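Notes follow the structure.
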Amino acid sequence: MGEMIPFEKALEITLARAVREVSVETVTLSDAVGRILARDVRSDMDFPPFDKSAMDGYACRVADLGGPLDVLEVIAAGMIPTKEITQGRCSKIMTGAMLPPGADGVFKVEDSEMLPDGRVRCAGSEPPGNVARRGEDLEAGATVIPAGTLLGAKHVSVLAAVGCAGPVVACRPRVGIVATGDELVEPSCKPGPAQIRNSNSWQLAAQVERAGGAPRYYGIAPDRAEVIADLLRRALAENDIVLLSGGVSMGDFDLVPEIMTANGVEILFDRVAIKPGKPTTCGIAGDRVVFGMPGNPVSTFVIFEVFVRPFIQAWMGCRSGCNDPVLPLEAALVRRKADRMEWMPVRISEKGGLVPVRYNGSAHFLAIGRADGLIPVPKGVLRLEQGSRLPVRRI
C-alpha cells in the first residue's frame, strides 16, 4: 500500500496519462452530439452571404426618402432581384431577401404609406437602415468551432450552416467494466441472503456513455484471484481503459491491486485523500489505463465523476473540461469529520442555489439519485455557511 496523496495530485497524475495523439473519425451530423471535435471547423462562406433586408419593408435609396416612390417589384427571400433601384424608385422586400443593386436602406412596411396613384412613401420618423451587410456576422475562412469542443445540440446548426456535414471527431475510447465481489448478482436476479444487486457496472456504463466513451461490460468476477485476473487480462487486451469496482480496500478479499500488479499494471497511486473513495487505485499497462474503484455505489459514482470522466474527455482532446459553475449554498452544510476533502451531493434549486441532500455515506445510493451535482468540501472544514459559493460538478 503506497502513500495517500492529495486529490489534486492524483488528478494531475491521472490527466498526465491522457496526453496522447488523438485518433479521429468522421461522423454524420446526427451522430455529432456528445463527441469531441478534433479539427477546427471554418466557415466556407460569408454570413450573411449577401446584403439582405433585416425586416419586411421597401428597399430604397435613402436620399429619395420623403417623396413618392415607384414600386418596381416584390423581392421574396431566396429570389435574386431583377431591378436596380434608381432615383424615385423602390422595391418591396421581405425579411432575409437579397438587397437589390442601388438600394442602401430599407424602411419598414409599417412606416409605409400607399398613395392613390399606386406609389409609396416612407411616413415614419425613424431613419431607415435595416440592412444586414455581407460578412458582418462571419467572414469566410473564420473558425466557428475550435478543435477540442464537446459538441452539443447548439453546435449542430452551426456545423450545418457552414457546410460541415461530416465533422472530424476524436474516436471514442473503449472502456472495459468489471465488477468484483461474491455478494453480487445481476439486477434481474432476486438477491439471496447476504447478496446485493450489481448496480455499479450499469451505473459506470451509463457514465462512460455520458463522458463520450464506448463501454463494454465483462460481468461479475467472484472474489477469486484467477477469475479476476482472467477478466482483467481480457479487458486490457480489448480496451483503452479498464474500470474495476470493488476489491481495492484492506479486507482479506480485496485482491484487485495485487492482481493488477501481477498482470503487468504499474500502480501510479492506490490511496487518495478524498471522501468517498480513499482506496482508489490507478495504474498503467503500456498505453492502457486501469482504475480500481471502491465497491460502495456512491464511491464508484464519485470517483468516476472526479477522476475518470475528466480523464476520458482529456483522452479525446477536450479543452473545455468540466466547466463547474460556482453557486451559493441556500442552507448551511455540516459534516461529521473533516480529515479529508469530501465530495457531497446537492440539488440545484429553481433559484439557482445549492441545497444539501440528505446523505448517510458511501452506501447511500439514493442520495446520488436525488442530487443534481457534487460539491467539494475542503479538508479541515466541518461547516459551510449559507451563502458560501462553491463549484458544483453537475451529474
Checklist entry - With respect to residue 71, is the statement that it is modelled with pLDDT of 95 or more, surrounded by 14 or more Cβ atoms within 10 Å (Cβ to Cβ) and touching a helix residue (DSSP H, G or I) at 6+ places or on another chain (Cβ under 6 Å) true? => result no
With criteria (1) surrounded by 22 or more Cβ atoms within 10 Å (Cβ to Cβ); (2) in contact with a Gly (Cβ under 8 Å, 6 or more places away or on another chain); (3) at pLDDT 95 or above, residue 272 comes up short on (2)
Given (1) in contact (Cβ under 8 Å) with a residue 40 or more places away in the chain; (2) buried (at least 23 other Cβ atoms within 10 Å of the Cβ); (3) more than 30 Å from residue 168 (Cα to Cα), residue 289 misses just (3)
Scanning the stretch 1-21 residue by residue, those in contact (Cβ under 8 Å) with a residue 12 or more places away in the chain, aliphatic (A, V, I, L, M) and either assigned to a helix (DSSP H, G or I) or buried (at least 17 other Cβ atoms within 10 Å of the Cβ) (or both) turn out to be 5, 10, 11, 13, 15, 18
Matching residues in the stretch 360-382 (buried (at least 19 other Cβ atoms within 10 Å of the Cβ) and of a type in the set (Gly, Ala, Ser)) number 4
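Listed here are the residues, each with its yes/no results for (1) among the hydrophobic types (A, V, I, L, M, F, W, C); (2) at pLDDT 95 or above; (3) touching a strand residue (DSSP E or B) at 6+ places or on another chain (Cβ under 7 Å); (4) under 25 Å from residue 310 (Cβ atoms).
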{"site": "111", "(1), (2), (3), (4)": "no, no, yes, no"}
{"site": "115", "(1), (2), (3), (4)": "yes, yes, yes, no"}
{"site": "130", "(1), (2), (3), (4)": "no, no, yes, no"}
{"site": "141", "(1), (2), (3), (4)": "no, yes, yes, no"}
{"site": "157", "(1), (2), (3), (4)": "no, yes, no, no"}
{"site": "160", "(1), (2), (3), (4)": "yes, yes, no, no"}
{"site": "172", "(1), (2), (3), (4)": "no, yes, yes, yes"}
{"site": "178", "(1), (2), (3), (4)": "yes, yes, yes, yes"}
{"site": "202", "(1), (2), (3), (4)": "yes, yes, no, yes"}
Log entry, pairs with first residue in the stretch 343-360 being assigned by TED's automatic domain parsing to the domain that holds residue 380 and of a type in the set (Gly, Ala, Ser), second being surrounded by fewer than 20 Cβ atoms within 10 Å (Cβ to Cβ) and not in a strand (DSSP E or B), beta carbons closer than 7 Å, six or more apart or on different chains, reads 349/330; 353/330
Exercise. Do we find a residue being outside any loop (DSSP other than H, G, I, E, B), over 29 Å from residue 198 (Cβ atoms), at pLDDT 95 or above and not hydrophobic (A, V, I, L, M, F, W, C) anywhere in the stretch 373-390?
Worked result: yes
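Which of the residues spanning the stretch 101-115 are of a type in the set (A, V, I, L, M) and buried (at least 17 other Cβ atoms within 10 Å of the Cβ)? I'd like the intermediate steps shown before the answer.
So in the stretch 101-115, the residues of a type in the set (A, V, I, L, M) come out as 103, 106, 109, 114-115.
Selection gives 103, 106.
Here's the yes/no breakdown for (1) closer than 28 Å to residue 54 by Cα; (2) touching a helix residue (DSSP H, G or I) at 6+ places or on another chain (Cβ under 8 Å):
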| residue | (1), (2) |
| --- | --- |
| 123 | yes, yes |
| 138 | yes, no |
| 200 | no, yes |
| 215 | no, yes |
| 229 | no, yes |
Residue pairs within 8 Å by beta carbon, gap of at least six or interchain, first lying in the stretch 160-179 and crowded, with 16+ Cβ neighbours inside 10 Å, second among the basic types (Lys, Arg) and in a loop (DSSP other than H, G, I, E, B), listed first then second, are 167/35; 167/39; 168/39; 169/35; 170/35; 172/35
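Determine, yes or no, whether residue 98 is in the same structural domain as residue 135 (by TED's automatic domain parsing), of a type in the set (A, V, I, L, M) and either touching a His at 6+ places or on another chain (Cβ under 7 Å) or surrounded by 15 or more Cβ atoms within 10 Å (Cβ to Cβ) (or both). Spell out how you get there, then give the answer.
Details: in the same structural domain as residue 135 (by TED's automatic domain parsing): yes; of a type in the set (A, V, I, L, M): yes; either touching a His at 6+ places or on another chain (Cβ under 7 Å) or surrounded by 15 or more Cβ atoms within 10 Å (Cβ to Cβ) (or both): yes.
Yes; evaluated as a whole, the condition is true for this residue.
Given the residues 148, 152, 176, 192, which is the only one that is farther than 30 Å from residue 60 by Cα and touching a helix residue (DSSP H, G or I) at 6+ places or on another chain (Cβ under 7 Å)? Walk me through how you get there before you give the answer.
On the way: 148 fails: touching a helix residue (DSSP H, G or I) at 6+ places or on another chain (Cβ under 7 Å); 152 fails: touching a helix residue (DSSP H, G or I) at 6+ places or on another chain (Cβ under 7 Å); 192 fails: touching a helix residue (DSSP H, G or I) at 6+ places or on another chain (Cβ under 7 Å).
Exactly one of 148, 152, 176, 192 is farther than 30 Å from residue 60 by Cα and touching a helix residue (DSSP H, G or I) at 6+ places or on another chain (Cβ under 7 Å), namely 176.
Mind checking which strands (runs of 3 or more DSSP E) fall wholly inside the stretch 41-134 and carry at least 2 residues that are touching an Asp or Glu at 6+ places or on another chain (Cβ under 6 Å) and on the phi < 0 side of the Ramachandran plot?
Numbers: elements: 57-60, 70-75, 89-93, 105-108, 112-114, 120-122.
Result: 89-93, 120-122.
Among the candidates 118, 141, 148, single out the residue that is surrounded by fewer than 13 Cβ atoms within 10 Å (Cβ to Cβ) and within 30 Å of residue 321 (Cβ to Cβ). Steps first, answer last, please.
Working: 118 fails: within 30 Å of residue 321 (Cβ to Cβ); 148 fails: surrounded by fewer than 13 Cβ atoms within 10 Å (Cβ to Cβ).
That would be 141, the only listed residue that is surrounded by fewer than 13 Cβ atoms within 10 Å (Cβ to Cβ) and within 30 Å of residue 321 (Cβ to Cβ).
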Taking the stated definitions as given, is residue 177 within 27 Å of residue 25 (Cα to Cα) and in the same structural domain as residue 258 (by TED's automatic domain parsing)? yes
Of the residues in the stretch 180-217, those that are free of Cβ contacts under 8 Å to residues at least 12 places away in the same chain and either under 19 Å from residue 256 (Cβ atoms) or of a type in the set (A, V, I, L, M) (or both) come to 194, 206
For the stretch 119-139, pairs from a residue that is under 18 Å from residue 95 (Cα atoms) to a residue that is at pLDDT 85 or above and basic (Lys, Arg), with Cβ under 6 Å and 6 or more apart or across chains, are 132/52
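The values are calculated or read from the model by the stated rules, or taken from the named source; none is laboratory data. Values in this document were obtained by computation on a predicted structure and should not be read as measured data. As a convention, Cβ positions derive from the backbone with ideal geometry for all residues, glycine included, and neighbour counts pool all protein chains shown.
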